[in-house]
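Please treat every number below as a calculation from the coordinates, not as lab data. In this text, all values refer to a predicted model and were calculated from it rather than measured experimentally. No Cβ is skipped: glycine too gets one built from the backbone with ideal geometry, and neighbour counts run over all protein chains shown.
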Amino acid sequence: MIETAETYFQKVDRPEARRRLSDRPLVLKRELSNKTVRAKINHGRWLVLCPNCPSAEFLFNDKRFFCSECKNEAIGGELYRVIMPMKKSQIEALLESRSISNRNWQYPETVDDLIRENELHSKEIE
């Protein structure tokens, strides 16, 4: 499974903390800008790298990005729109057979690129 914020935070064993992490009430009150960022997969996790500071956050299914470090100050605290790959399901499926440390994808990598990598490293794939 490639983790998103929702799947990861469901593992938090404190119900109130889990609810706050998943619901993001303060974040969702913010305006949605027309600025975009791209999601990537790093070690089996969907992440979004902050374009303004060295931080990263889990991807939420609502495809809105808010950096908990810099608070998106560069765009007035508004939310970024997250761009997802068109072939998200195929990308995830191709990465599933890899070890966690090799479950990585980022734009502009294609499905064909991942297929070639899997073929080249077929002996290492579980």
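Summary of computed values
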{"quantity": "Lysine-lysine proximity count for the chain, Cα under 24 Å, sequence distance 8 or more or distinct chains", "calculated": "16"}
{"quantity": "Low-density loop positions, chymotrypsin sites (Phe, Trp or Tyr not before Pro), segment 1-102 - DSSP coil, at most 11 other Cβ in 10 Å", "calculated": "none"}
{"quantity": "Contact order relative to length of the chain, as percent, for alpha carbon pairs under 8 angstrom and 6 or more apart", "calculated": "26 percent"}
{"quantity": "Antiparallel bridge percentage (DSSP; both residues within the chain; nearest 5)", "calculated": "65 percent"}
{"quantity": "Cβ-placed point charges (K, R +1; D, E -1), dipole of the chain about Cα centre in debye, nearest 20", "calculated": "460 debye"}
{"quantity": "Using θ = phi - 60° and Karplus 6.51 cos²θ - 1.76 cosθ + 1.60, couplings along segment 68-82 (whole Hz; Gly, Pro as x)", "calculated": "6, 8, 9, 6, 6, 4, 4, 10, x, x, 6, 8, 7, 8, 9"}
{"quantity": "Shape parameters for the chain, alpha-carbon atoms, Rg then Dmax in Å", "calculated": "15.8, 49"}
{"quantity": "Cα→Cβ-extended label distance, 7 Å offset, between Ile100 and Asn42, nm", "calculated": "1.6 nm"}
{"quantity": "The chain, helix-only ellipticity at 222 nm - DSSP H runs n ≥ 4, -39,500 (n - 2.57), divided by all residues, nearest 500", "calculated": "-7000 deg cm²/dmol"}
{"quantity": "Stretch in the chain that is longest and holds no trypsin sites (Lys or Arg not before Pro) that DSSP places in a loop and that have at most 10 other beta carbons within 10 Å", "calculated": "30-122"}
{"quantity": "For segment 60-114: span of alpha carbons on each principal axis (Å, largest first)", "calculated": "40, 23, 19"}
{"quantity": "Highest-MSF residue in the chain out of Val82, Val48, Val12 [GNM, Cα springs under 10 Å]", "calculated": "Val12"}
